[in-house]
């Protein structure tokens with residue numbers, strides 16, 4: 001009697017008439033239909049569909065009908081029916097979908113599984129799948145009761161995604177779903193979930209790149225989260241988060257109340273290997289996890305003592321059950337084997353590593369590879385994250401229909417910053433973005449290489465630059481953009497714009513090579529910097545770029561020092577800003593002054609030398625970055641002035657920045673003969689130096705394959721020779737030298753960086769950088 005009353009009450013609450021038709025779905029053929037969708041197609045508003053146990057391999061769509069679908073659990077109260085009444089989406093779309101306006105619909109007592117989401121919106125140029133288990137648009141008072149939503153996938157909302165909808169969630173489990181954003185539930189614009197505070201649901205152990213379990217992204221509505229079980233308790237932003245683009249927008253999670261935790265986190269290093277097992281504890285390299293996401297879920301964030309996830313060498317492939325994107329956790333380091341970088345092989349998913357609000361996270365010693373994944377997208381990205389550090393990361397070539405390369409973003413109200421060291425981006429081909437994109441975060445970049453990347457889209461794709469930066473502070477040194485192209489007239493190869501308070505803006509480029517790039521009409525280099533403090537361009541080389549009348553456009557306030565402008569354009573430098581103020585000090589400018597044009601001519605000055613003619617590069621092979629080193633006879637040697645410039649310690653090739661009487665022009669410093677006959681001959685010697693750094697003495701072990709006169713000399717960071725260790729005849733074979741850290745007079749030298757150069761019969765056979773630390 002009680003059960004009948006309960007059923008009647010629920011039916012009344014759902015707004016369904018008891019006189020409406022109840023359609024029966026049974027797989028044995030004894031009902032009205034054998035498929036749920038067939039019953040939906042036959043139904044009318046206020047009808048109900050009663051589904052008997054079985055596995056229904058289909059994707060159901062409410063099709064705008066206000067109906068109620070239930071299993072035998074609804075009429076019997078036996079929870080076993082939700083486990084035996086399964087809707088299997090067969091990775092063919094959302095399992096349950098209501099995307100045409102409905103009111104008072106519901107589903108009760110099912111397992112909803114194996115969905116892949118529906119293509120409901122465009123993101124980064126392509127349609128993406130939303131709501132792996134359940135997808136809702138304009139669904140008012142949609143009820144999900146007593147359901148298991150598990151093992152579904154989508155880009156947004158692995159378990160559930162809703163837009164302009166109200167979802168009532170009661171006594172359900174949302175677990176083991178996968179997404180780029182919101183592994184369990186993704187609440188979008190004017191969406192709201194009403195979590196039953198009495199018959200609580202559980203949302204736990206979902207996997208996502210950004211927010212594992214529940215995310216609301218600018219929903220503009222308050223949502224109180226009441227759960228029986230969550231992944232951890234108390235929860236963190238890594239699992240449950242309300243994302244606002246602007247602080248003054250309405251909406252929040254006023255209450256997040258989780259009664260139980262699915263797991264705890266460990267505050268110690270964890271280990272992962274392709275040969276590992278997720279049943280291991282991950283606490284040592286003898287018992288590693290297999291899945292990277294598993295380690296990230298279990299490791300604790302510790303801002304005072306960052307813990308490390310150690311990745312053993314090998315291939316971490318999506319074909320071997322690795323999930324991408326990897327969701328970086330705040331204050332956690334993801335570090336690959338430094339001797340043999342692990343490869344993250346993303347063959348099926350879009351992004352590879354993402355870091356939404358992953359403050360203080362670090363990524364080191366990683367190779368990202370997409371194989372033939374044409375749906376692949378950005379390999380590494382972070383949004384709204386402060387103090388992200390990325391080092392020794394290589395992104396292998398990719399041909400994609402979406403965005404590609406690296407991407408960072410935030411807004412004016414959410415400070416963000418990152419540091420890149422030794423990042424290489426090769427062969428990205430995309431209609432939209434192929435290379436590097438950064439909107440608003442502060443950036444410190446060193447040793448960035450972007451090579452052979454191509455943006456292939458036209459006007460409809462609204463493509464962007466190979467290197468795009470818009471923000472408050474950018475410092476980039478010892479970096480290169482070479483052999484890249486843009487197919488559409490509009491984007492530049494490098495485009496930099498300033499934002500934020502003019503008094504705090506900073507822009508500084510040192511030892512940057514931009515060479516052999518092709519645009520379709522826009523200047524290959526465009527920089528706008530209307531700052532109180534002038535933008536600084538030191539020792540940069542702009543060469544062999546083509547596609548526009550001018551190679552470089554500088555709008556704003558600049559000081560340009562010791563740089564080379566030698567391009568395949570009619571002219572070299574243009575400034576269109578009527579208030580621009582530009583100071584050139586000691587530069588090479590091809591065809592100067594005819595190759596320059598300045599709207600604010602009276603605000604432009606040329607100081608020191610202005611060289612023109614032939615800069616004297618060492619090779620005419622435009623595609624080879626090393627061709628832009630200076631030849632022995634270059635007129636750009638020793639023609640710069642480093643006074644007050646705060647240059648990097650080394651040039652683009654890693655050699656001492658100042659060698660000889662004065663700093664050279666361009667990104668490379670001439671420091672030994674570089675003609676064809678005088679190139680380094682590493683095959684002539686095998687050399688090891690240890691320890692490095694050293695305190696008291698440095699040992700050099702070397703093996704020469706031929707006899708001859710060997711000299712070994714040490715130079716300080718200014719390029720001054722401080723010690724000649726040997727200059728004598730040696731037989732072939734093994735030899736040893738020891739440097740005691742003293743100069744030629746026997747005086748102990750100070751701590752710092754030193755460079756060793758070894759020659760055999762006058763030909764350089766080895767160079768090394770040493771660090772003396774006391």
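The values are calculated or read from the model by the stated rules, or taken from the named source; none is laboratory data. Computed from a predicted model, the values in this text were never measured in an experiment. Every residue, glycine among them, receives a Cβ derived from its backbone with ideal geometry; neighbour counts consider all protein chains shown.
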Item to check | Test result for residue 184, free of Cβ contacts under 8 Å to residues at least 60 places away in the same chain and either buried (at least 23 other Cβ atoms within 10 Å of the Cβ) or assigned by TED's automatic domain parsing to the domain that holds residue 351 (or both) | outcome: yes
Checklist entry - Are there any pairs, at least 6 apart or on different chains, whose C-beta atoms fall under 6 Å, with the first in segment 61-77 and closer than 14 Å to residue 141 by Cα and the second modelled with pLDDT under 95 and part of a loop (DSSP other than H, G, I, E, B), and if so, which? => result 68/16
Next on the checklist: Just checking: which of the strands (runs of 3 or more DSSP E) contained wholly in segment 558-666 hold 3 or more residues that are touching a residue at least 40 places away in the same chain (Cβ under 8 Å) and crowded, with 22+ Cβ neighbours inside 10 Å?
Outcome noted: 581-589
Next on the checklist: Being in a strand (DSSP E or B), on the phi > 0 side of the Ramachandran plot and surrounded by 22 or more Cβ atoms within 10 Å (Cβ to Cβ) is the filter here; which residues of segment 381-419 pass it?
Outcome noted: 405
Checklist outcome for this item: Of (1) in a loop (DSSP other than H, G, I, E, B); (2) closer than 23 Å to residue 665 by Cα; (3) without any contact (Cβ under 8 Å) to a residue 40 or more places away in the chain, residue 542 satisfies every one except (1)
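Is it the case that residue 458 is without any contact (Cβ under 8 Å) to a residue 40 or more places away in the chain, on the phi > 0 side of the Ramachandran plot and either surrounded by fewer than 24 Cβ atoms within 10 Å (Cβ to Cβ) or in the same structural domain as residue 509 (by TED's automatic domain parsing) (or both)?
The answer is no for residue 458.
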Checklist outcome for this item: Taking segment 326-354 and keeping only residues that are buried (at least 24 other Cβ atoms within 10 Å of the Cβ), out of contact with any helix residue (DSSP H, G or I) (no Cβ under 9 Å at 6 or more places or on another chain) and not in a strand (DSSP E or B), one is left with 350, 351, 352
Next on the checklist: I'm checking my understanding of the structure. Among residues of segment 88-125 that are buried (at least 21 other Cβ atoms within 10 Å of the Cβ) and touching a helix residue (DSSP H, G or I) at 6+ places or on another chain (Cβ under 7 Å), which one is nearest to residue 379 (Cα to Cα)?
Outcome noted: 111
Next on the checklist: Can you find a residue that is in contact with a strand residue (DSSP E or B) (Cβ under 7 Å, 6 or more places away or on another chain) and assigned to a loop (DSSP other than H, G, I, E, B) anywhere in segment 116-123?
Outcome noted: yes
Checklist outcome for this item: Looking across segment 491-511 at residues that are over 20 Å from residue 455 (Cβ atoms) and in a strand (DSSP E or B), the single one that is modelled with the lowest pLDDT is 498
Checklist outcome for this item: Requiring at least 3 residues that are over 30 Å from residue 539 (Cα atoms), modelled with pLDDT under 85 and not assigned by TED's automatic domain parsing to the domain that holds residue 658, the strands (runs of 3 or more DSSP E) wholly within segment 670-774 are 685-690
